[in-house]
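Below: one structure, written as structure tokens.
The values are calculated or read from the model by the stated rules, or taken from the named source; none is laboratory data. None of the values given here were measured: they were computed from a predicted structure. Because the Cβ atoms are built from the backbone with ideal geometry, glycine has one as well, and the counts that use them run over all protein chains shown. Each accessible area value is taken on the protein alone, full model and side chains, heavy atoms only, with ligands, DNA and RNA left out. Shrake-Rupley method; radii C 1.70, N 1.55, O 1.52, S 1.80 Å.
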Amino acid sequence: MNSVEKHYLHHLAPGFDRAAVLEDMMTEFGEDIWNFAYFLTRRRDAADDIAQDVFLIAYNRMYTFRGEASVKSWLLSIARNKSLNYLRNAFIRRTVLMGAYRREGSTASAEQVVFERMSSRAVWETVMKLPRKHREVLLLAYHYQMKMDEIAATLDLSEGTVKSRLFRAKKKMSELLKEEQEGGEYDG
């Protein structure tokens, strides 16, 4: 467990200033929580709401945190549950699943930066085409650099299931990227 985790575990005892601990957690993990919620829901407004809910829940349950997982895993688990609840809502399913993911473009002055951004955007757009269960393991493994046991705890799955999903996700990503390089279009 790293020093950041020890720092939080030390301050998660009754009697410490919860507001200060919450502010530290939001600073340390806020962007990760928002990004994870966004990649699961594909909606900025939902990610905003979910991130706020995650930290409200963390604030209210701070003293019940037992340290069995990292603080980051704990927060990501809450974010995943809130995101899944959001996606289960019938109204959301009817209105969102028909939409397509669109990312705002940006212009850069240096040619190399433009090419790097285009490449990165293409990879993330391809990730967004994967089923949620594959998106989330890729995101946790490669973006958040979590270990298999942490991913398993975050997703409430066995390590074998996580390894299997990660294998399938990487295989599907390779297929999709190859299709896109050949000019093919992914159709689901």
Round to the nearest 10 and report in Å² the accessible area of residue 56, as given by a 1.4 Å probe over the protein chains' heavy atoms. 100
Pairs 72/171; 82/163; 82/172; 133/172; 82/170; 147/170: which are spaced more than 20 Å apart, C-alpha to C-alpha? 72/171; 82/163; 82/172; 82/170
Listed peptides 123-133, 73-83, 143-153 by packing density, highest first (mean Cβ within 10 Å): 73-83, 143-153, 123-133
To the nearest 10 square angstrom, how much accessible area does residue 155 have with a 1.4 angstrom probe? 0
